[in-house]
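Here is the structure we will look at.
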Amino acid sequence: MPSFDTVLEPDMVKIKNGVDNSAKEIATRFDFKGTGARIELKDKDKEIQAFGDSEFQLEQIEAVLYAKLTKQDVVISFLDKAEKIEKLGGDKVKQVYKIKDGIESELAKKIVAAVKKSALKVQASIQGDTVRITGKNRDDLQVAIAMLKKDMADTPLSYNNFRD
């Protein structure tokens, strides 16, 4: 039976390039000279950390980061910004951006519900951090992909492991 997997996985190479370009711009910009402004990618933890002297400076760093990631064709919704800004020693502050990887159970349930509601001849099942969609023929699966792209437009889903 034909099937495919719906996944949520960022392109870490593009994210790394975007963060590196942001760090270069922060190091050379006049308004950041002599400050503790910097940005780092923690690859193992899948998070980006921005450091600054004030909340306003963190907003400026965020603007640079978003611009550089957009140039790298990274969808900004892959980043999950932490609610509170951490206070470090003195007047230093830190903002953490988690990089989403894998479909969370809440989103997986929404995808399964959307597939069931569509009345297509396909079935969706949650397989860990992916959602597998199976059907009797390839055309039904292509219609399901189009439907998911339309219904979940705010989520950067990708579709792989297509089997016939």
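Just to be sure, is GLN127 under 20 Å from LYS46 (Cα atoms), modelled with pLDDT of 85 or more and not aliphatic (A, V, I, L, M)? Explain how you work it out, then say what you get.
Values: under 20 Å from LYS46 (Cα atoms): no; modelled with pLDDT of 85 or more: yes; not aliphatic (A, V, I, L, M): yes.
Here the answer is no, as GLN127 does not meet what is asked.
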Within the stretch 36-74, how many residues are in a loop (DSSP other than H, G, I, E, B), within 25 Å of GLU9 (Cβ to Cβ) and either hydrophobic (A, V, I, L, M, F, W, C) or in contact (Cβ under 8 Å) with a residue 40 or more places away in the chain (or both)?
4
Within the stretch 125-148, is even one residue among the basic types (Lys, Arg) and free of Cβ contacts under 8 Å to residues at least 60 places away in the same chain?
no
Search the stretch 57-74 for residues being acidic (Asp, Glu) and within 17 Å of the chain's Cα centre (by Cα), and hand back the single one that is modelled with the lowest pLDDT.
ASP73
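Evaluate the following for PHE30: is it exposed (fewer than 14 other Cβ atoms within 10 Å of the Cβ) and among the aromatic types (Phe, Trp, Tyr)?
Considered against the rule, which asks whether it is exposed (fewer than 14 other Cβ atoms within 10 Å of the Cβ) and among the aromatic types (Phe, Trp, Tyr), PHE30 comes out as yes.
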If PHE78 meets every condition in (1) surrounded by fewer than 19 Cβ atoms within 10 Å (Cβ to Cβ); (2) touching a residue at least 60 places away in the same chain (Cβ under 8 Å) apart from one, which number is that one?
(1)
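Here is a check on your reading of the model: is VAL143 at pLDDT 85 or above and either more than 27 Å from SER3 (Cα to Cα) or in the same structural domain as LEU41 (by TED's automatic domain parsing) (or both)? Let's see the steps before the verdict.
Numbers: at pLDDT 85 or above: yes; either more than 27 Å from SER3 (Cα to Cα) or in the same structural domain as LEU41 (by TED's automatic domain parsing) (or both): no.
Criteria not met by VAL143.
The values are calculated or read from the model by the stated rules, or taken from the named source; none is laboratory data. Small disclaimer: the values here were computed from a predicted structure and weren't measured. Ideal geometry is used to build each Cβ from the backbone, glycine not excepted, and the neighbour counts take in all protein chains shown.
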